[in-house]
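The values are calculated or read from the model by the stated rules, or taken from the named source; none is laboratory data. Note that this is a predicted model, so its numbers are computed, not measured. Neighbour counts run over all protein chains shown; Cβ positions are idealised from the backbone, glycine included.
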Amino acid sequence: MTQNDQILAALKQGKTISPLSALREFGCMRLAARIYDLKQDGHEINAVKRKNSNASWVEYEMAQDPASPAPSHNYQTDWRSV
């Protein structure tokens, strides 16, 4: 299985992938190049910028299909409903 295949499979599972996680999980040192390849193959992938006090980076995720419903989260929004 190629790095592109591994990265695409992880993205389709709903995972986000950063350059560091790509290096650890797939041995991929050029994540942006692999994402470029996948986009050229027609896959819609979003880049999400992240930042903390020490660094900034990009995480990649699959674009949401407008026809599919948004993932449902079971977050409790009102503490009075307990």
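Name the single residue, out of those in the stretch 53-82 being closer than 17 Å to Gln13 by Cβ and surrounded by 10 or more Cβ atoms within 10 Å (Cβ to Cβ), that is modelled with the lowest pLDDT.
Per the criteria, the residue is Gln64.
For the stretch 8-52, which residues satisfy the criterion of being surrounded by 12 or more Cβ atoms within 10 Å (Cβ to Cβ), in a helix (DSSP H, G or I) and within 9 Å of the chain's Cα centre (by Cα)?
Ala10, Leu11
Suppose the filter is of a type outside the set (D, E, K, R) and assigned to a helix (DSSP H, G or I); does Tyr60 pass it?
no
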